[in-house]
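What follows is a short report on a single structure.
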Amino acid sequence: MDRALVELAQRGEREAYARIAAQASDRLFAVALRVLRDHEAARDALQVALVQIWRDLPTLRDPDLFDAWSRRVVVNACNAGRRRARRPVVSIGVHVGEPSVGDSQSSVAMRDELERAFTRLSLDQRAVLVLQYYEGLSMSEMAASLGVSEGTVKSRLHGARRAMRAAIDADSRLPVRAEEPA
Amino acid sequence: MITELDLDRVLASWLVEGTERAHPEDVAAALRQVERTRQRHRRRGWRRDVVLPLRAGRSWLMAAVALGIVIGTWSGFGGASQRVVSASITAADFPWAAANPAPDTVAFVAQLPANAPEGTSWRAATYDRFELDRWTQSDLEQTSVRAGQPLLGTSAERQPDAQTATFTVTVRPKAFEGSILVSPGTPVGVDADAVVREIGAGGWLASIQVPDRAAYTVTARSPRLGDPTVVTGDLLRQASRVPPPQLVDGYTAVPEGALGPAARRLLSEILASTPYRDPYDLAVAVETYLKDPANFTYSTQPAGCIGGSLVECFAQTRTGYCMHYATTMAVLLRAALPGDPIPTRLVQGFLPGQRSNGTETVATRLAHAWVEVYFQGYGWIPFDPTGGSVGRPSTITDRAPVAAP
């Protein structure tokens, strides 16, 4: 995010913030959707996060850290929304893209398996998986984004990966190769 | 058994799937809420507060109105205290700095009781943070107070009854109608619903807002500074230097660029003028030095002093009005003892007006700024360094030390 824009918004310029929101919303929504696996819940989380980012923006000491910081706000909004609504997380998933190359009956089945395993994880564990595999962050970037130590990130990631592995291994009928490009 | 590498691959391709974008209506809904949402200010030690600057060249009336808007016009009762946006004051916000000054405009008229002391200044707002060309209020917290209820519930501004004189006045705002309450001394009660703004929760008073109306009656306490049983120069010399918790950084901060070569030279001249290094004697020394017409010239139309540090500019041009004098004193005191800044704040208000038959008429040209220095156990003690016989003399006894060491 453009540093000058962030600084303007920190000084209370709402127009600058409108531009920031327009630029950041797709990315924040994508993170919320991947963590929550629920379209409506992700929409709620995005709205909450955008208001919260505005409100707390003056507390961001280094405008260059806006991206990591805003990611943390949206992950927290996912948590808060879940606490507030207590809505059951249904696994309607993010199956909106075109089926990928090599997609097959078995990979769809595997997706269901992944979905089920993922939604059994805590939101903290889901967040580290999304930040690592979707956002492609390093350990230190994840720690900064989540506001926890790298040790905590590592242990969450370890637990999350173990749970996902168990889910995949449980269905040994699924050849992992199916995910590979044809 | 799936390998680590395969697990990575599966998770990556599964999580990356999908290209959904945010719904524009959700972003729009959030931005509508942003319009109604104030930003949260940092607690101590924060460098930046949200400031909506007042622009130069407006009349004092406009500045007063703008101040009302900036600190929020009367907003009714929100219940609990909440954080708000700071006001700011610059040298351009004084009536004589306006393009078409109307010096004889009446700012407000006040009905005073017989016991009201003569020559009391009127307070409107205080500012802790110096930002080179302006003063702002950090960590502003506002609390709604019902008519007739104590204004200073937990505020640090409360003073012991025995040290103050209490009197009640009725104020009729004229040109100064920006909803900021003016009061002789520290306001403790008003017959209107009010919003009290403090610098930090339970901190010192920044300003009080009352709804726009023809008149309000305010009860105020004025410290009995001339009473040697309350305060004397010697008592202030011995005051403890331990800062109270409400003393946020804003009261001692000297921003980068505040003092240039001319201001540093001025500070060393002043330090050379006194052998003492306690806050009280330093405050008296700075005040005396700035007031001396041999050093500085009072003028409502100073040349230059646009942009940059007000202190450095005043030290260079040696010409200015209350805002320049008061700002320079407040900032030089903060910088006088390296590593041990003396807490100061800027007070915005009015000099005493014309009194006749219990009615005081205060003209906009009496708009004034002065300095208060914090002394543990005594609170904020006023100093008025403005030259040209404008600044009021101090009433504190034992003002000068008995003898040099």
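Things to note:
- The chymotrypsin sites (Phe, Trp or Tyr not before Pro) of the range B:93-200 include none that meets both conditions, a loop assignment by DSSP and at most 15 other Cβ atoms within 10 Å of the site Cβ.
- Selection of trypsin sites (Lys or Arg not before Pro), the range B:233-274, meeting DSSP coil and at most 13 other Cβ within 10 Å: B:Arg241
- Trypsin sites (Lys or Arg not before Pro) lying in DSSP loop within the range B:145-192, provided at most 12 other Cβ fall within 10 Å: B:Arg146
- Peptide B:28-38 - average C-beta neighbours from other chains (10 Å radius): 6
- Taking amide H atoms as placed 1.01 Å from N in the peptide plane, the amide H of B:Phe383 lies under 5 Å from those of B:Val371, B:Glu372, B:Val373, each 5 or more residues away in sequence or on another chain.
- Sequence-distant residues sharing a close amide H with B:Glu157 (under 5 Å, placed H): B:Leu205
- Neighbour net charge for B:Thr126 - beta-carbon separation under 12 angstrom, K R +1, D E -1: 0
- Rounded Å value of the spacing that divides the Cα centres of the range A:1-41 and the range B:133-208: 38
- Distant-in-sequence amide H partners of B:Arg40 (H built 1.01 Å from N, under 5 Å): A:Asp56, A:Leu57
- Phi angles of the range B:108-125 translate, via the Karplus equation with coefficients 6.51, -1.76, 1.60 and θ = phi - 60°, into HN-Hα couplings of 6, 10, 10, 9, 10, x, 4, 7, 5, x, 5, x, 8, 6, 9, 9, 10, 7 Hz per residue; Gly and Pro are given as x.
Read-outs throughout are calculated quantities, based only on the coordinates presented, and are distinct from any laboratory measurement. This one's a predicted model, so the numbers in the text were calculated from it and none came from an experiment. Positions of Cβ are backbone-derived with ideal geometry, glycine not excepted, and every protein chain shown enters the neighbour counts.
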